1. Identify, from the list Val57, Val144, Val117, the residue that is among the β-branched types (Val, Ile, Thr), open to solvent by less than 60 Å² (accessible area, probe 1.4 Å) and at pLDDT below 95.
2. Give me the residue from region 60-75 that is within 19 Å of the chain's Cα centre (by Cα) and free of Cβ contacts under 8 Å to residues at least 24 places away in the same chain and, out of that set, surrounded by the most Cβ atoms within 10 Å (Cβ to Cβ).
3. Consider Arg97 against the criteria (1) over 18 Å from the mean Cα position of the chain (by Cα); (2) more than 26 Å from Val55 (Cβ to Cβ); (3) assigned to a loop (DSSP other than H, G, I, E, B): it satisfies all of them except one. Which criterion is unmet?
4. Out of the helices (runs of 4 or more DSSP H) lying entirely within region 105-208, which hold 2 or more residues that are out of contact with any Ser or Thr (no Cβ under 8 Å at 6 or more places or on another chain), in contact (Cβ under 8 Å) with a residue 24 or more places away in the chain and farther than 17 Å from Ala95 by Cα?
5. Please determine whether any residue of region 123-134 is open to solvent by 40 Å² or more (accessible area, probe 1.4 Å), more than 15 Å from the chain's Cα centre (by Cα) and among the β-branched types (Val, Ile, Thr).
6. Does region 155-169 contain any residue that is among the aliphatic types (A, V, I, L, M), modelled with pLDDT of 95 or more and open to solvent by less than 50 Å² (accessible area, probe 1.4 Å)?
7. Based on this model, can you work out whether Gln105 counts as in contact with a Phe, Trp or Tyr (Cβ under 7 Å, 6 or more places away or on another chain), surrounded by fewer than 19 Cβ atoms within 10 Å (Cβ to Cβ) and of a type in the set (S, T, N, Q)?
8. Among (1) open to solvent by less than 40 Å² (accessible area, probe 1.4 Å); (2) touching a Phe, Trp or Tyr at 6+ places or on another chain (Cβ under 7 Å); (3) modelled with pLDDT under 90, which single condition is Thr204 missing?
Amino acid sequence: MQEPTTGNKVLRRQRLKLLLIFFLFALPLLTAVVWHANLDRWRPGTTTNHGELIVPVRPLAPFDMLGLDGTHIAQDFLHGKWTLLYIGAAACDAACRGNLYKMRQARFALNEKMDRVQRLWVLTDAAQTRPSAALLNDYPGMVVARPGTGGLEHFMTQFKQAGEPVNGQDRIYLVDPLGNLMMQYQADANPSGMLKDLQRLLLTSWVG
């Protein structure tokens, strides 16, 4: 009678191990599914300093731009990391500089998690050769992209909210690691609110 009992215990342990392995593999997927399914209910806070959710999230269409060094920047650039994105002229005015500063500081304040976030500045004035060297030196690591004239118009239409033009709005956009436009920050947004949003997203997200 002892052998069947021992065999049953071994079998139960093996089943429990299999269930545990399955659970560990399934948990990240289940978390991502639940998070995306309830995205419209989630709010990063009640203050106006936090981002405005774009519901439903908006998958960005394929694009092809050139970086300042001539390399191609395509849609896959947005995959795998969270992206803080700004759209504006190379002749960067005070509002533009303020937004680039917020993007840099919010990312830097993430400390060891900063590599999960990247910055992209999409130029709107194709005739301008490039932003000033002094400006670029202030924001190392930021990717600057220049779409063609036709490509720029198509790209910018995806960022319109309630028919408002993108130019002159001086917004910062947040794109998730799947290439979905999901949040925007007004020109007067507080970078501390942006940081809190990023910290929460990085804590709860299993992607990017």
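The values are calculated or read from the model by the stated rules, or taken from the named source; none is laboratory data. Predicted, not measured: the structure shown is a model, and the values here were computed from it. Positions of Cβ are generated from backbone atoms using ideal geometry, with glycine treated the same way; all protein chains shown enter the neighbour counts. Accessible surface areas use protein heavy atoms only, side chains included; no ligands, DNA or RNA. Shrake-Rupley method; radii C 1.70, N 1.55, O 1.52, S 1.80 Å.
1. Val57
2. If we take residues in region 60-75 being within 19 Å of the chain's Cα centre (by Cα) and free of Cβ contacts under 8 Å to residues at least 24 places away in the same chain, then Ala74 is surrounded by the most Cβ atoms within 10 Å (Cβ to Cβ).
3. (3)
4. Filter on region 105-208 gives 149-157, 191-204.
5. yes
6. Within region 155-169, none of the residues are among the aliphatic types (A, V, I, L, M), modelled with pLDDT of 95 or more and open to solvent by less than 50 Å² (accessible area, probe 1.4 Å).
7. no
8. All conditions are met except number (1).
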